[in-house]
1. Consider only pairs whose beta carbons are under 7 Å apart and that are at least six residues apart or on different chains; among these, list those whose first residue lies in the stretch 38-53 and is touching a residue at least 24 places away in the same chain (Cβ under 8 Å) and whose second residue is among the hydroxyl-bearing types (Ser, Thr, Tyr).
2. Do you know which residues across the stretch 15-65 are out of contact with any strand residue (DSSP E or B) (no Cβ under 6 Å at 6 or more places or on another chain), surrounded by fewer than 12 Cβ atoms within 10 Å (Cβ to Cβ), of a type in the set (Gly, Ala, Ser) and outside any strand (DSSP E or B)?
Amino acid sequence: MTAQRLDRFLWIARFFRTRPLAVSAIEEGRVRINGEHAQKAGASVTVGDVLTFPQGNAIRVVRVTAFAGRRGNAALAATLYEDVGG
């Protein structure tokens with residue numbers, strides 16, 4: 001897999017509890033891909049992309065390192081990205 005939908009990645013990587021919550025954050029302009037506001041939930045994310053989004057009271061900045069075909073446990077989710085600060 002070389003790319004994945006933004007909303008799906010955010011959900012599989014366990015940043016959002018549900019895909020509709022991820023879609024809502026994207027549509028409200030709260031998610032950026034490589035510094036640019038994501039235009040739609042179906043935007044493609046590739047390995048190496050940097051995502052910026054709010055999570056709770058913090059701003060998360062992560063680099064995509066891999067993809068998964070389905071949502072797994074937290075340990076699997078943690079292998080899909082690396083924190084780059086914020």
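Computed from the coordinates by the stated procedures, all read-outs in this text should not be read as laboratory data. Just so it is clear, the model here is predicted, and its values are computed rather than measured. Here the Cβ positions follow ideal geometry from the backbone for every residue, glycine too, while neighbour counts run over all protein chains shown.
1. THR46/THR2; VAL47/THR65
2. GLY35, GLY48, GLY56
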